[in-house]
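A quick write-up on the structure given underneath.
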Amino acid sequence: MKIKNIASALALSSVMLSSVAVADTVKIGVQAPITGKYANEGQSIDNFVRLIVDEKNAQGGLLGKQIEVVTCDDEAKAQKAAVCAKKLVNAGVFAVIGSYTSGATEAAQSTYFRNKVLQTSDGTSDSLIKRKYWTFFRNSFPNAAQSDFTAEYMVNVKKYKKIVVLSDYSSYSAGLGDATEASVKAINGNILFRGKIKSGVQNFTSTLTKIKAMKPDVIYYSGYYTDGGLLRAQQIQLQIDADFVGGDSNDNPDFYKLAGKSAAGTVLINFPTPEILPYPEAKKYLSAYKKRFNMSPPSIWPVTNADGLRAIIEGVEKTKSFDTKKIASYIRTMKDFPGITGPFNVREDGERVGAKFVVYKMKNDGTKEVVK
Amino acid sequence: METFIQQLINGLTVGSLYALVALGYTMVYGVMKLINFAHGDLVAFSAYVGLTIFTQFYGSNALTLVNIVIVFSLTSIVVAFMGVLLERLAYRPLRTAPRLSAVVSALGASLVIQNGIMLIWGPNMEIFPSDIFPSTTWNFGGVLISYTQFVILALSAFLMVSLYLFINKTKIGTAIRATAIDQDAAKLMGINVNRIVMIIFIVGSMLGAIGGLFIGVYYRGLTFDMGWMYGLNAFIAAIIGGIGSIPGAMLGGLLLGLFNAMISGYISTEWAETFTFILLIIILIVRPAGLLGHNVAEKV
Amino acid sequence: MNNKTTITIAFLAIMAFLPLLADSAWLSIGITFLVFAVVAFSQDIILGRAGVFNMGHAIFFGIGAYTTAILNVHFGLEIIYTIPFAIIFSAIIAVLLAGPIIHLKGDYFLVATIGFNIIFEQVLSNDIFGLTGGPNGIFGIDVIRIFGYELFSDTAIYYIAFGLLIITLFIIRNLDNSKYGRALYYINKDEIAAKSMGINVPYYKLFAFALGASIAGVAGSVFAIQYSAVSPESFNFMQSVMFFAIVLVGGSASLPGVIIGTFVMFVLPELFTEFKESRYLIFGAAMVLTMILRPNGVWPVTFGNIPKFLRPKKGAK
């Protein structure tokens, strides 16, 4: 039985390899939320991938082959993501960029692994690298890195004594919330309350009213901007005298639109946003992006995904092959590959290392200044 | 104690939004015995229409009271027209068809409106300007009421009282009640049933439109599928109060708003919806006609 | 051989040979079609035959899928052994849920099942007892192993789904010719008359419910195997609406009708992804139009009371 399995796997992979060798194009998949709540992030990931692919194709392609991009909309839903994974594998892609949310990324992971398709994602859930799939590497940084930084900021820099941690129920947000709670406790901070809100219900006044009675110094929210903006607005409306600190996914222009004037004073902890990236690659690609799509990427995530794609391209060119196994191990040995989001280093288990964080404060007019 | 009263106020605000929307469900059910599944989507539609008029005509600044009244009236008229159109196209041809056909048609109409919104305004969240009403907040011994909340509570109360008087004190209201009791008999008495149905849809849609605008002003973020959530809650409110009963819908809406606020404030946000639906199912089992409805014996 | 048998056999013959012609993309569409057709037939037992207004059918589909996923991923049970559990759990939960409300009249029953569906969705997304995996669901479901053979190819799953469809059709045929089938027929035609003839109406309705639910449960298992992942939004209220609409748009208690309904609702959108954005709009409009033109469904062909604005003008022929 074993022998039969291996034989069929060999036969299958040789068919795949030969089809890659014969075709004069190679396919790269994008799995992202093109529609739905996080559509602007998903569309931007797709845009950025196409920008880089078109540049590559204009230079003569990848090892002489033109790259074709196949996009699948996972609507940030796990089941749709599983469908997308099958579709992209069937379409014959050798690598997939995405998805935006950790949940959709994780749901697709095993399918790509089983079919030896590379996958890179900005998902920050610690669980993404738990299975140590060789096909997967992260292009952003894990929650654990962010939570340590956040705890340090809240407990030691701002000296908050009474901390409230809120998240929603998604794996990313709950994970970041739990990690932050743990990091705060680890440096002897005082967690007053750890609560969860239901994403999308819009009315958070019940939870906030409950929190008001506890008189916290700070409310930390680890969810997405669609809820974070409203949470902040309702906090101000209920006159809860506490600072508001938001995790990375609150950093989106819609946060300010939703919170309105209440956004002023909000503190966001995030990876450096695109416009303040100091690297030469950043200037080049971001201005090209702006020129072509008439706007900037909404957040850092499409940019880290672009770095993931660039790492894969680099891997193909350096190994001179489309053998995903070789590319994956090459990417894990790269040293300080010049990424748009800074030096790109991937650990053995697929973790990107060397996280940097920035603290922003919102000003009255919706702009933000770097505090730290 | 302050916390409790604050929760009460929050609950009442949401509750009066539910009540406004629930009235649309209950009036249609009362007269046509049809669950108008598309009503929630009309509510979402009105929020989008309202937002478009706000931003197109007035920008997000300089909103005078007159402008706000104009926006509210224009939106109500557009949505009332949609309601009548909905009845004409999707429900009237099915008045004598099997019950389930009308249910499917209503669900279909709901999909059409919901996805129509998506095609017109896009799948991304649209956001209401935050300064339509002044950001004043009054403080009564620690209990806060914002300007927006006050407007919602006051205007909803006014609309509900007006509707109650309209149904009970006017000639058209009497005709509506007669049609609800027995359509055939009403027809024999010279009541134009088609006209009554049209009036029901106009009034129901207008109330829903005001509800939708309030949702936009109060919560700001609009998504094309938000109609389901608000519609479903309002519909539950109508059933709790007794579907077909107008005071029932008002009572049901307020009770549901309070119930939600208390559950999420004191028991669990995680299971708040579950509690709502358990309440619904218990009421259906124990008293299917709702709090203020009355049981009708089955005609053989 | 009557007309109905001919259609059935022709349909089954086409489906049996599809994998020989189709590539993998078509094959997975084929699997989706078969799985949803089975669910639609099971809903037809409840809605079309027993006349119970069930708008929570996605619950039973979901219980099957989650039973397989949970038993396999958390408890390491082989997929093949999870299927009996999927059947039994779906049936038990169907009886527990429907039992207390089976006496409710049409619309009220419908509303109660909507309520159940939303509670079900919330139970799944709240990760109850740490089993359901929250909003992301459960992934990494194993492949089927029978006698040491791993059946992970799409063709294998296709034939599993195909076998399930044949069994379902067989059950329905036997049901129609049995005492239970006749009882359901009378109940659906005239409940009060059936009651006065001494038919135990709640008993037969619950029977239909449990039967339909257990078939949907198996379909759920196959669905979980096909995608090796399950998540709450596949079993939400919207999905129940679709199952409800399939039966009524196609034509209740009609085999070609249910097939057409499934095809239109679940296969067409896969084929025309360019219409993805507007597909629900088109569905919605189709649902309204079908009900107006053919209130009893597309099949058998009987026209309803066609409104004036849709009638052909006189002399236009």
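The values are calculated or read from the model by the stated rules, or taken from the named source; none is laboratory data. Just so you know, these numbers come straight off a predicted model, no measurement behind them. Don't worry about glycine lacking a Cβ; one is built from the backbone with ideal geometry, like all the others, and counts go over all protein chains shown.
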_Go through (1) at pLDDT 90 or above; (2) touching a His at 6+ places or on another chain (Cβ under 8 Å) for C:Ala210 and report which single condition fails._
(2)
*Only one of C:Val247, C:Val258 is buried (at least 19 other Cβ atoms within 10 Å of the Cβ), more than 24 Å from C:Leu96 (Cβ to Cβ) and β-branched (Val, Ile, Thr); which?*
C:Val258
*What is the residue count in segment A:304-360 for residues that are on the phi > 0 side of the Ramachandran plot and among the basic types (Lys, Arg)?*
1
*Of the residues that sit in segment A:85-120 and are more than 18 Å from C:Gly140 (Cα to Cα) and within 14 Å of chain C (Cβ to nearest Cβ), which one is surrounded by the fewest Cβ atoms within 10 Å (Cβ to Cβ)?*
A:Ala91
*asked:* I'd like to check something: does segment B:165-181 contain any residue that is part of a loop (DSSP other than H, G, I, E, B), of a type outside the set (A, V, I, L, M, F, W, C) and surrounded by fewer than 18 Cβ atoms within 10 Å (Cβ to Cβ)?
replied: yes
*Run down A:Val245, A:Val303, A:Val218 and say which single residue is away from every other protein chain (no Cβ under 11 Å), crowded, with 24+ Cβ neighbours inside 10 Å, more than 30 Å from A:Val53 (Cα to Cα) and at pLDDT 90 or above.*
A:Val245
*Given B:Phe214, B:Phe224, which one is outside any helix (DSSP H, G or I) and in contact with a helix residue (DSSP H, G or I) (Cβ under 6 Å, 6 or more places away or on another chain)?*
B:Phe224
*Check segment C:190-198 and report whether any residue there is more than 29 Å from C:Leu71 (Cβ to Cβ) and either within 14 Å of chain A (Cβ to nearest Cβ) or in contact (Cβ under 8 Å) with a residue 12 or more places away in the chain (or both).*
yes
*B:Gly253, sole failed condition from (1) within 26 Å of B:Tyr91 (Cα to Cα); (2) modelled with pLDDT under 90; (3) crowded, with 24+ Cβ neighbours inside 10 Å*: (2)
*Residues of segment A:335-347 being surrounded by fewer than 16 Cβ atoms within 10 Å (Cβ to Cβ) and either within 10 Å of A:Phe137 (Cβ to Cβ) or aliphatic (A, V, I, L, M) (or both), which ones?*
A:Arg347
_For segment A:63-72, check the following and say yes or no: at least one residue is more than 10 Å from chain C (Cβ to nearest Cβ), under 19 Å from A:Phe136 (Cβ atoms) and surrounded by 24 or more Cβ atoms within 10 Å (Cβ to Cβ)._
no
*Within segment C:144-153, can one find any residue that is among the polar types (S, T, N, Q), surrounded by 20 or more Cβ atoms within 10 Å (Cβ to Cβ) and under 25 Å from C:Thr67 (Cβ atoms)?*
no
*Which residues, taken from segment C:33-82, are among the small types (Gly, Ala, Ser) and farther than 28 Å from C:Ala183 by Cα?*
C:Gly62, C:Ala65, C:Ala69, C:Gly76
*Within segment A:186-202, identify whether any single residue is in contact with a strand residue (DSSP E or B) (Cβ under 8 Å, 6 or more places away or on another chain) and on the phi > 0 side of the Ramachandran plot, and answer yes or no.*
yes
*Which ranges mark the helices (runs of 4 or more DSSP H) fully within segment A:259-372 that have 2 or more residues being in contact with a strand residue (DSSP E or B) (Cβ under 6 Å, 6 or more places away or on another chain) and more than 30 Å from A:Asp217 (Cβ to Cβ)?*
A:301-319, A:324-333
*Does B:Ile263 satisfy being buried (at least 22 other Cβ atoms within 10 Å of the Cβ) and at the interface with another protein chain (Cβ under 9 Å from one of its Cβ atoms)?*
no
*Being surrounded by 15 or more Cβ atoms within 10 Å (Cβ to Cβ) and more than 27 Å from A:Thr150 (Cα to Cα), is that true of even one residue in segment A:261-283?*
yes
*Check C:Ala10 against each of (1) touching a residue at least 24 places away in the same chain (Cβ under 8 Å); (2) closer than 23 Å to C:Asp176 by Cβ and name the one condition it does not meet.*
(1)
*Quick one: which residue in C:Leu169, C:Leu164, C:Leu124, C:Leu131 is closer than 23 Å to C:Phe237 by Cβ and more than 13 Å from every other protein chain (Cβ to nearest Cβ)?*
C:Leu131
*Considering each residue of segment C:139-186, count those that are in contact (Cβ under 8 Å) with a residue 12 or more places away in the chain and of a type in the set (Phe, Trp, Tyr), and give that number.*
7
*asked:* Residues that are at pLDDT 80 or above, out of contact with any Pro (no Cβ under 9 Å at 6 or more places or on another chain) and closer than 23 Å to A:Ala311 by Cα: list the helices (runs of 4 or more DSSP H) wholly contained in segment A:1-114 that include at least 3 such residues.
replied: A:39-58, A:78-91, A:102-114
_Let me spell it out: the conditions are (1) under 27 Å from the mean Cα position of the chain (by Cα); (2) part of a helix (DSSP H, G or I), and A:Val245 meets all of them except one. Which number is the exception?_
(2)
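Results for (1) part of a helix (DSSP H, G or I); (2) at pLDDT 90 or above; (3) within 12 Å of chain A (Cβ to nearest Cβ), shown as yes or no for each residue.
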site	(1), (2), (3)
C:Ala65	yes, yes, yes
C:Ala86	yes, yes, no
C:Ala94	yes, yes, no
C:Gly99	yes, no, no
C:His103	no, no, no
C:Val111	yes, no, no
C:Pro135	yes, no, yes
*Quick check: anything in segment A:361-372 hydroxyl-bearing (Ser, Thr, Tyr) and either surrounded by 14 or more Cβ atoms within 10 Å (Cβ to Cβ) or touching a Pro at 6+ places or on another chain (Cβ under 9 Å) (or both)?*
no
*in contact with a Gly (Cβ under 6 Å, 6 or more places away or on another chain), within 11 Å of chain B (Cβ to nearest Cβ) and in contact (Cβ under 8 Å) with a residue 12 or more places away in the chain, is that true of A:Ala259?*
yes
